[in-house]
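**Q** Below is one structure. I have some questions about it.
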Amino acid sequence: MTRPGPHPAPWDLPQEEDAPTGTEARVVPFPDRTGTRPVIGVDPAQTPTAPAGADVEVIDPTDVEVLDTDDATAARPVDVLPKGSGGDWLEDRRTLLDTAPALVPSYLRSREEFTDAARFLVEYYARMGAYRATRSPVYLLKLVSRSPRGMGRALSHWGRWALDIEANELRKHAAGGNRTSEYMMLSRQHTARIRGRLLSSLAVALGVALVGAVAVGTAPAWASLSAIVAALAGFGAVGSKPDAKPIIDRWTSPHLQRELTSTEVVAALEAIGVKGKVDFVNPIQTDGPGWRAEVDLPPGYLTDKVLEERAKLAGAMRRPLTTVWPESDTEAHPGRLVLWVAKKDPAKSKRRLWPLMKHGQTDLFADIPFGFDPRGRVIPLNLMYTNLLMGGVPGSGKTSGVMVVALAGALDPTCEMWVYEMKGSGDLDPVQPVCHRYVSGDDDEHCASALDALRKLEKELKRRKKIIAGLPAEQVPKGRKVYPHLAKDRKLGLHPLLAIFDEAHTLFEHEEYGKEAADIAGRLIRKARAYGIILVVTTQRPDAKSLPKTVSDNVSTRFCLAVTGHIANDLVLGTSMYRNGVRATMFDPKKEAGTGWLAKSSHDTQIVRAAFIEQAEAIEIAKRALALRTAAGTLTGEAAGETITAEDTTTLLDHLAAVWPTGEDTMHSVRLVQALASYRPDTYGPWASSDLPVGEMSREEQRAHETRMATTLSNALAPFGVNTGQITKRGDGGSRKGVKRTDLEAALARSGTAMEDD
C-alpha cells in the first residue's frame, strides 16, 4: 500500500477561473484520503471526464458542501486582510505623503533650471521668428500664385449667395407638388432676396472702388502696392485647398524621439530575454528632458541583465544608444529598474558648458561642478578629505575628467598644484602656469621626478601631521584634520595640495621606480586625505600590475569610464561593483566619451558625463586662475620662478661610501666624522663642532671631544646594522674606535645601494 503524501492546503490549490468572488459563496475542493483533488463540475450534464489513466475522482456538485462567507470559518485568501482591520489606512497615507510630488515645480525652485528654461524659450522663439521672417517672401509668392483660384472661389460663393441658389430646390419641390400658393410665396421671397443682395453688393463695390481710387491717388506707391499684394494674398488664402501643400514649411527633427509608452518598454524587455509580467511602479512621466519609467522586473530577473544589455535594449526600442539609460534602484530591491529615455539625442545636442567656464572660482573645501548626468543636471564633486581614481580604456575620455579636476584646483587660489602628466601629450599644459610642480613625459627622468614628488608628499604629510597633532582641541573640533580656518592661516602651511598623476601606470610599471612609488602612493592614499593632500590617479590600463592593490583598495572616490571586463571594472570601482550592477562595460567609448560611473561610496553611484573643456577654453580658464593667484599672492614653486630640487634620498651609508679613502680597509670614526662634516656641513657639521677650537683644548678635552664624535657615529650606524670597534692604524692615532669597510659594504648591499669608489 502506498502512503499518501501530505495534503496541500486549500489556498495552495489552483483556483477555477470562473470561481465566484466578492460576497458570493465559494466552492472549496478538498483532497480525498488518497491525496487526489476531485474535479468539480458546474453542471451535472457537463461533468468533466477524467483523462485515461488519471487518478481523479469526479463528484457531483450536489455532494459538495457550500460554505457561507459570512461564517467565521469561511476560507479567505491568506494575503488579503479583511476590511476594517485597521492600521493600513494610516500607513498608506504616510507612504503617499513621502512620495508626493513637490508643491512647487522644479524649475521654480532651482535658479539654474529656471534660467536654463528661460534661455531655451527665448532662443526657441527668436530662432523660429527669424526662420519664418527669412522665408516670408516665399510664403507671400505662394499665396499670390494661388490668388486666381481664390478669386474664382470668392466669385462663385458671391454668385450663389447673390442669386439665392440655395432656394432653387425648394421652389422646384413646390412646383412639382402642385402647391401653387407655396410656390408663389417662395418666388416672391426669392425675387426680393436677389434684388436686395444685388443692390447691397453694388453699393459695397462702389464704396470699395471709391476708397481704392482715393487711396491710389493720395497714398504712396509702396502703400498702394502693399495693399494690392495683401489683397492678392488674401485671395490666395481663400484659394488654398485643405489637401494642398501647406504654405508654411514644416520640418521634423531627426533627434527628437517619440513619446515613451509602456507597450514599448514591455516589448523591449521581452526582446532582450526578460520574460514575464512587468509591473509599472508609477506611470511613465516626464523627468527633465526625457521620460522616466519605473518598473519591477518579473520574478527571477535582476536589473543587472538590463544594464549589461543596454545596447540590445536600445536596439529593441529603435532608439539611439545615447538616449537610453537604465539604472538600478538599489533602495527598493535588485529587481527595480529605472529606465530614463531622453527626448532629444544628447549626442546631437548642444554641448553643455562647464559652469565655471566664463567666471567664478572654487573652494576645494566645498563642492566643485564635475559634469552632468543623463538628464543634464550638474553633478558636484567634493575633493577635500578624499582621493580620486579614474580609469578607462584609451579614448574613453579620461582627459575630460582630469582636466575638470585640474582647472577646479587652479581656480582655488589657495590650492598648491603638483601635476604629472605621464603620457607626454601635453593635455594638461594649460594649467602649467599655476603649478608648483609640472612634468609632462613618460621617460625615465619623468618617472624619477614623479617618484621624487611622492617622496616629498610623504615628507609633507609628516610635517602636517606634526603641526595638527600640536594644535589645541578647540581648533580641531571634529577630529585632527585640516579645516578651512586652518588652511587660511599661511603660517601653518595647511592649504589644500592637489597632486595629479595622469596615466600613473607609466610610473607604477617602471622596473626601477615602480615598487617604491606604489608603496608610497598606498601610504598617501590611506593617510594624506585628512591633512589636505588630495591625490588624483588616472590610468588607461586598470589591471593588477598598472594599478597597485594598495591604491585601488583604499581610494575613496572613483570614476570609471568604459572598460572591457569585470576585472578592470572592479579594480577601478571597487570589489563586487560589477556583481552589484555598477558596470562600466555598458559604455561605448566612441559615442559616450567622458561618460562613466562616479562612485562616491559603494552605495552612492551614478552615471556622469565629465564636462568637456576644449584646450583653447582651458587656456583662458587657466589665465583667470593665474590672475586670481597673482592677486592673492599664492604663486609658489615653478609658477613663481623657483627651481625645484630633487629630494635627497641618500643615507649615512652612501655618505660614508662617498668619503671613504680608496684602498683603506678600516677607518677611525673620528676621521670619518671629520670627513662627513667637510662633505655635508649642514648635516654633519654639528657632529664635529665643539665649544673651543681644537688648538685651545687640553689633551683631556680633546680626547673627550673625539669620544663624543665616535659615539655619535656609532649610534647613527646602529640602525643600519654596522658595529664600530677598536681599530688599530699605525701612524694614525694608534688604536681607536672605527669602522670596517667590509661591514659598510654589507650594510650597503642590504639597503640595495652600490658603494661608490672615489
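**Q** Can you put 122, 324, 378 in order of accessible area, largest first, using a 1.4 Å probe?
**A** The residues order as 122, 378, 324, largest area first.
**Q** Related question: If I take every Cα pair under 8 Å that is 6 or more residues apart in segment 583-704, average their sequence separation and divide by the length, what percent do I get for the relative contact order? Could you put the intermediate results ahead of the total?
**A** Working: 53 pairs, mean separation 11.3, N = 122.
Over segment 583-704, the number comes to 9 percent.
**Q** If you take every residue apart from residue 385 with its C-beta less than 9 Å away from the C-beta of residue 385, what net charge results, scoring Lys and Arg +1 and Asp and Glu -1? Please report the intermediate quantities before stating the final value.
**A** Numbers: positive: 481, 529; negative: none.
Cβ neighbours under 9 Å give a net charge of +2.
**Q** Show me the ranking of peptides 626-632, 425-431 by mean Cβ neighbours inside 10 Å, starting with the highest. Intermediate results must be reported in sequence, preceding the final value.
**A** Values: 626-632: 15.0, 425-431: 18.7.
The packing order, highest mean first, is 425-431, 626-632.
**Q** Take the alpha carbon gyration tensor of segment 119-218, find the square roots of its eigenvalues, order them as a ≥ b ≥ c, and report rounded if a/c is under 1.5; if not, report prolate when a/b exceeds b/c, else oblate.
**A** Values: a/c = 3.89, a/b = 2.18, b/c = 1.78.
In terms of gyration-tensor shape, prolate.
**Q** With the cut-off at 24 Å, tell me which of the pairs 275/305; 277/590; 423/515; 398/466; 142/344 have Cα atoms farther apart than that.
**A** With Cα atoms farther than 24 Å apart: 277/590; 398/466; 142/344.
**Q** With each label point set 7 Å from Cα along the Cα-Cβ vector, what nm distance links residue 751 and residue 467?
**A** Result for the modelled spin labels: 3.0 nm.
**Q** Now for a separate question. Output ³J(HN,Hα) for segment 632-639: one whole-Hz value per residue in order, computed from phi by the Karplus curve 6.51 cos²θ - 1.76 cosθ + 1.60 with θ = phi - 60°, and x for Gly and Pro.
**A** Whole-Hz 3J(HN,Hα) from phi for segment 632-639: 7, x, 10, 6, 9, x, 4, 5.
**Q** Ok, one more. Ordering 280, 501 by how much accessible area each has at a 1.4 Å probe, largest first, what is the list?
**A** Values: 280 65, 501 10 Å².
Largest accessible area first, the list is 280, 501.
**Q** Now a separate question. Once neighbouring chains are kept in place and the probe is 1.4 Å, which whole percent of the accessible area of segment 121-183 is contributed by carbon and sulfur?
**A** Carbon with sulfur: 65 percent of the solvent-accessible area.
**Q** Ok, one more. For the ranges 283-296, 559-572, what's the packing order if you count other beta-carbon atoms within 10 Å of each residue, average per peptide, and put the highest first?
**A** 559-572, 283-296
**Q** Straight-line reach from residue 358: which lysines fall under 19 Å, measuring Cα to Cα and dropping same-chain residues less than 8 apart?
**A** Cα-Cα hits under 19 Å: 350, 623.
**Q** Right, something else. Tally Lys/Arg at +1 and Asp/Glu at -1 over every other residue whose Cβ is under 13 Å from the Cβ of residue 350; what's the total? Write down the numbers at each step before the final one.
**A** Values: positive: 119, 127, 344, 348, 351, 352; negative: 116, 123, 345.
Result for the local shell: +3.
**Q** Under the rule of at least 5 residues apart or a separate chain, name every residue whose amide H is placed under 5 Å from the amide H of residue 381.
**A** The answer is 368, 370.
**Q** From the Cα trace of segment 625-707, what convex hull volume per residue do you get, rounded to a whole Å³?
**A** About 164 Å³ per residue, rounded to a whole number.
**Q** Okay, moving on. With a 1.4 Å probe and all protein chains left in place, how much of the accessible area of segment 475-551 comes from carbon and sulfur atoms, in whole percent?
**A** Reported share for carbon and sulfur atoms: 50 percent.
**Q** Using a 1.4 angstrom probe on heavy atoms only, work out the carbon and sulfur share of the accessible area of segment 573-722 in %.
**A** 51 percent
**Q** Probe 1.4 Å, all protein chains in place: accessible area of residue 385 in Å², nearest 10?
**A** Accessible area, nearest 10 Å²: 60 Å².
**Q** Go through 170-178, 656-664 and give me the packing order, highest mean Cβ count within 10 Å leading.
**A** Values: 170-178: 12.8, 656-664: 15.3.
Ranked from most to least packed, the peptides come out as 656-664, 170-178.
**Q** I would also like to ask the following. Given the whole protein assembly as supplied and a 1.4 Å probe, what does the accessible area of residue 185 come to in Å², nearest 10?
**A** About 80 Å², rounded to the nearest 10.
**Q** At 1.4 Å probe size, what's the solvent-accessible area of residue 587? Round to the nearest 10 Å².
**A** Roughly 10 Å² of residue 587 is accessible to a 1.4 Å probe.
**Q** In nm, what is the difference between 0.36 nm times the number of residues separating residue 590 and residue 132 and their Cα-Cα distance?
**A** Details: separation 458, 0.36 × 458 = 164.88 nm, distance 3.70 nm.
Taking 0.36 nm per residue and subtracting the Cα distance, the gain is 161.2 nm.
**Q** Okay, moving on. Run the numbers on segment 79-211 and let me know its relative contact order in percent, using alpha-carbon pairs under 8 Å that are six or more apart.
**A** So the answer I get is 15 percent.
**Q** Ordering 348, 456 by how much accessible area each has at a 1.4 Å probe, largest first, what is the list?
**A** Details: 348 125, 456 40 Å².
Solvent-accessible surface, decreasing: 348, 456.
The values are calculated or read from the model by the stated rules, or taken from the named source; none is laboratory data. As the structure is a prediction and not an experimental result, all values here were calculated from the model. With ideal geometry, Cβ positions are generated from the backbone for all residues, glycine too; neighbour counts draw on all protein chains shown. Each accessible area value is taken on the protein alone, full model and side chains, heavy atoms only, with ligands, DNA and RNA left out. Shrake-Rupley method; radii C 1.70, N 1.55, O 1.52, S 1.80 Å.
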